[in-house]
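Any read-out appearing in this document is the output of simple, stated calculations on the displayed coordinates, not a laboratory observation. These numbers come from a predicted model, not from an experiment. No Cβ is skipped: glycine too gets one built from the backbone with ideal geometry, and neighbour counts run over all protein chains shown.
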Amino acid sequence: MRSVRRRLFQLFVVGCVVSLIVSGRLTLRLILGGMLGWAIVPVVDAIVGVDVLPKPLLLWIVAIAAFASFLSPLQAERFSSNYPLTDAVIVVAIALAFLPTPRATWTRRAIAYVILTAFVFGFAGWPIVSRSPW
């Protein structure tokens, strides 16, 4: 039961992050949509047997979302197109994701992130693939 509550809390936090980044506010519609869109995370947790969103990584994601919520859309676009800065944010996120935890190994966590990356970029890349001439 504790594990289910923890995973639901993680989904709620991710939903709040989505809402903050998209609109700068916490709205129920965006929070629920973010939770639904990222419901794959607990599934991957269960399949791989590893906590995909450890506390340090979750706090880092919340900090980035809080920062982004104060930016206008134009400022956010400039921030995200500043590649050295964006790369630094990603490197810190990867470092926090792979902090050693008692029940997680690097291999399991790497498998989980490969699955999540394929899931996310699969949806993002499908329109490009479907327009392919072959």
(request) Using a Förster distance of 22 angstrom, determine the FRET efficiency expected from the C-beta separation of ILE111 and LEU36, and round it to 0.05. (result) 0.40
(message) Run lengths n ≥ 4 of DSSP H only: what is the helix-derived mean residue ellipticity at 222 nm for the chain, with -39500 (n - 2.57) per run over all residues, to the nearest 500?
(response) -25500 deg cm²/dmol
(request) Select from LEU53, LEU20, LEU74 the residue whose mean-square fluctuation is largest in a Gaussian network model of the chain (Cα-Cα springs shorter than 10 Å). (result) LEU74
(message) Output wanted: per-residue J couplings in Hz (rounded whole) for region 40-47, from phi through Karplus 6.51 cos²θ - 1.76 cosθ + 1.60, θ = phi - 60°, x for Gly and Pro.
(response) 5, 4, x, 5, 5, 3, 5, 5
(message) For a distance above 19 Å, tell me the whole-number percent of Cα pairs in the chain that qualify.
(response) 58
(message) So if I take the alpha carbon set of region 17-92, get Rg, then get Rh from the Kirkwood formula, what is the Rg over Rh ratio?
(response) 1.01
